[in-house]
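Working notes for the structure below.
FYI, it's all coordinate maths here, none of it is from the lab. Computed from a prediction, not measured in an experiment: that's the story for all the values here. Positions of Cβ are backbone-derived with ideal geometry, glycine not excepted, and every protein chain shown enters the neighbour counts.
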Amino acid sequence: MKVYNLQENISPIIEDIKKKGKSIGFVPTMGALHKGHLSLIEEALKQNDVAIMSIFVNPTQFNNQQDLEKYPRTMDRDLELLKTVSDKIIVYAPTVDDIYGENIESAHFDFDGLEFEMEGKFRPGHFDGVGTIVKRLFEIIQPTKAYFGKKDFQQYRIIQKLVENYNIPVSIVGCEIYREKDGLAMSSRNERLNPEHRKASPFIYKVLKTAKEKFGTKSANEVTDWVESQFAEHDLLELEYFIIADEESLKTIHRKSKSKSYRAFIAVYADDIRLIDNIALN
Ligand code: PAF
């Protein structure tokens, strides 16, 4: 398996692949790989001539310095895991310097308001950081298709908007959420959960599933109140937000319309670890 740490080394490889008219499937990640990431790279391998994964903990998308410092970094294990999928995968694992040089700053983006909802409210600057790194990676890798998990549904919608606004010639593929057997959405952050919080955390998906059932007969506000009451009684999990939103605009809804698709979004703290999840409602 080939691993490149510098643009100047990977760029000639990309040029060569492009010259031969081969398609590139790209999976950007921040490492600490789990089965969800592996399912994305498997999809990229199936649908393209070449599969490339980037592993880069992007400093500009962390609004909290401690979160950045504590983010798991497990490069050796990540590479071993990737090898179990295929040794043909190309890895780009740049240094901060290779991406940002001296200037570790985000560009500013207008994502038609998608960036102001949910994660955008609670993690100021986060989507400018995501937009900056993903645009940069798309310039370097020049993928045909890029794969994103729907656990970060808002990010997936924002990346769709990014490629639309900048006319970037890549198709964005959204992949279903990969879950542990007990329902917890897979996330690199899960490995930081202590046993007690890990045991408690499947409650999040359990509540989402019941919220979906209730949404069949109850209003969005009633469902939201019910979810809030479930967490108010919980000793280990603290609700940051639960909202029911239009899948297109990501705006919170107060009244249902039959022609629209809705999704419920949730962010919860398990001790100092922030977990997010979502579920399609109709
Ligand atoms: O979803 C992630 O892991 C990151 O936000 C991404 C897309 C790799 C950008 O750093």
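Between rounded, prolate and oblate, where does the stretch 18-131 land on the alpha carbon gyration tensor, with a ≥ b ≥ c its root eigenvalues, rounded for a/c under 1.5, else prolate if a/b exceeds b/c?
On the way: a/c = 1.83, a/b = 1.55, b/c = 1.19.
Prolate, because a/c is 1.5 or more and a/b exceeds b/c.
In what sequence, highest mean first, do 54-66, 25-37 appear when ranked by Cβ atoms within 10 angstrom?
Details: 54-66: 17.7, 25-37: 22.2.
Answer by packing, highest mean first, reads 25-37, 54-66.
What's the ranking of 191-202, 113-124 by average number of surrounding C-beta atoms within 10 Å, highest first?
Numbers: 191-202: 15.5, 113-124: 17.9.
So the peptides 191-202, 113-124, ranked by packing, come out 113-124, 191-202.
Of 1, 100, 41, which is farthest towards the positive pole of the chain's charge dipole, taken about the Cα centre with +1 and -1 on the beta-carbons of Lys, Arg and Asp, Glu respectively?
Result: 41.
Given 282, 81, 173, which one lies farthest toward the positive end of the charge dipole of the chain, if we put +1 on the Cβ of every Lys and Arg and -1 on the Cβ of every Asp and Glu?
282
Which of the GluC sites (Glu not before Pro) found in the stretch 11-102 are loop residues per DSSP with 14 or fewer other Cβ atoms within 10 Å of their Cβ? Could you put the intermediate results ahead of the total?
Numbers: sites: 15, 42, 43, 69, 80, 102; in loops: 102.
Here the sparse-neighbourhood loop sites are 102.
Please say if the stretch 1-71 is rounded, prolate or oblate, where rounded means a/c under 1.5 for a ≥ b ≥ c the square roots of the C-alpha gyration tensor eigenvalues, and otherwise the choice is prolate for a/b larger than b/c and oblate otherwise? Write down the numbers at each step before the final one.
Working: a/c = 2.97, a/b = 1.62, b/c = 1.84.
Note, shape of the stretch 1-71 comes out oblate.
Read phi for every residue in the stretch 119-136 and hand back ³J(HN,Hα) as whole Hz from Karplus 6.51 cos²θ - 1.76 cosθ + 1.60, θ = phi - 60°, with x for Gly and Pro.
4, x, 6, 8, 10, x, x, 4, 6, 5, x, 5, x, 4, 6, 5, 4, 4
Calculate the spin-label point distance for residue 210 paired with residue 167, positioning each point 7 Å from the Cα along the beta-carbon direction, and give it in nanometres.
In this crude spin-label approximation the distance works out to 5.2 nm.
Given the chain, report the % of alpha carbon pairs whose separation exceeds 27 Å.
Working: 16313 of 39621 pairs.
Summing the P(r) of the chain above 27 Å gives 41 percent of all pairs.
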